[in-house]
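The values are calculated or read from the model by the stated rules, or taken from the named source; none is laboratory data. No experiment lies behind these values; they were computed from the predicted model shown. With ideal geometry, Cβ positions are generated from the backbone for all residues, glycine too; neighbour counts draw on all protein chains shown. Each accessible area value is taken on the protein alone, full model and side chains, heavy atoms only, with ligands, DNA and RNA left out. Shrake-Rupley method; radii C 1.70, N 1.55, O 1.52, S 1.80 Å.
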Amino acid sequence: MAQPETQPNPARVTVLAGPTAVGKGTVSTFIRENYPEVWLSVSATTRDPRPGEVDGVHYQFVSPEEFRRMIDAGEMLEYAVVHGQNTYGTPRASVDAAVADGKHVLLEIDLQGARQIRETLPEARFVFLAPPSWDELVARLIGRGTESEEEQARRLETAKKELAAESEFDHTIVNDEVERAAAELVRIMGIDPTH
Ligand code: 5GP
């Protein structure tokens with residue numbers, strides 16, 4: 001029989017997805033820095049590092065050729081082209097090892113990746129990070145200032161489709177405040193956020 005949703009299961013993988021610019025990266029950075037009990041997967045990506053991003057910490061930055069090799073070798077648990085541009089994926093071996101160790105595993109990935117995980121790891125827990133409002137999402141995307149106008153427009157198109165997917169998820173967290181949203185997420189994962 002399936003376990004009730006409230007029963008914590010440490011070895012269960014949690015997927016955090018949500019529209020672009022909702023603050024998934026900020027929430028996962030907060031979790032990386034404040035909840036060492038959470039094991040955060042390091043994705044591989046073909047995009048270039050942004051200022052301050054460290055290879056092996058924020059992402060594993062790889063060439064398109066290396067990414068293709070990883071896919072062909074079956075090393076990716078999921079992967080997707082995000083915003084029609086770069087490829088991002090979750091390396092399988094490190095996630096398998098963390099699950100085998102009984103760790104609280106968190107994957108911060110896009111919607112396409114979340115759908116693939118639903119196929120390959122149906123027992124995973126799916127959490128949708130939502131913006132307080134559409135206007136707030138637009139403000140965050142433009143305020144970040146890291147993308148060109150053309151790229152911002154492309155990402156907003158993606159975000160509209162992604163917002164419509166909320167009902168596919170087990171839980172929704174509104175990212176009104178990073179610290180609060182992070183605490184709600186770890187509680188869902190079965191961790192006491194007050195330690
Ligand atoms: P950014 O380029 O802003 O770091 O990330 C762009 C998007 O890629 C975000 O929506 C992020 O969730 C997604 N992403 C990051 N890592 C992965 C991954 O391993 N797999 C998938 N499918 N998406 C990812």
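Residues in the range 124-152 that are of a type in the set (Phe, Trp, Tyr) and more than 13 Å from the ligand (Cβ to nearest atom) were compared, and the one that is farthest from Arg12 (Cα to Cα) is Trp134. Going through (1) of a type in the set (D, E, K, R); (2) more than 8 Å from the ligand (Cβ to nearest atom); (3) open to solvent by 20 Å² or more (accessible area, probe 1.4 Å) one by one, Glu108 falls short only on (2). You will find that of Thr158, Thr172, the residue that is within 28 Å of Leu77 (Cα to Cα), in a strand (DSSP E or B) and open to solvent by less than 70 Å² (accessible area, probe 1.4 Å) is Thr172 and no other.
Has the range 21-30 got any residue that is within 11 Å of the ligand (Cβ to nearest atom), in a loop (DSSP other than H, G, I, E, B), open to solvent by less than 10 Å² (accessible area, probe 1.4 Å) and under 26 Å from Ala182 (Cα atoms)? Yes - at least one qualifying residue is present in the range 21-30.
Each row is one residue, and each column tells you yes or no for (1) more than 8 Å from the ligand (Cβ to nearest atom); (2) aliphatic (A, V, I, L, M); (3) open to solvent by 60 Å² or more (accessible area, probe 1.4 Å).
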residue	(1), (2), (3)
Arg47	no, no, no
Arg69	yes, no, yes
Asn86	no, no, no
Val95	yes, yes, no
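The residues of the range 58-67 that are in contact with a strand residue (DSSP E or B) (Cβ under 8 Å, 6 or more places away or on another chain) and either open to solvent by 70 Å² or more (accessible area, probe 1.4 Å) or not in a helix (DSSP H, G or I) (or both), listed by number, are Tyr59, Gln60, Phe61, Val62, Pro64.
Cβ-Cβ distances below 8 Å connect the following pairs, each with a first residue in the range 81-96 that is under 16 Å from Leu107 (Cα atoms), a second residue that is within 7 Å of the ligand (Cβ to nearest atom) and in a helix (DSSP H, G or I), and a separation of six or more residues or different chains: Val82/Gln112; Tyr88/Gly113; Gly89/Gly113; Thr90/Gly113.
The conditions of being in a helix (DSSP H, G or I) and within 19 Å of the chain's Cα centre (by Cα) are not met by Ala80.
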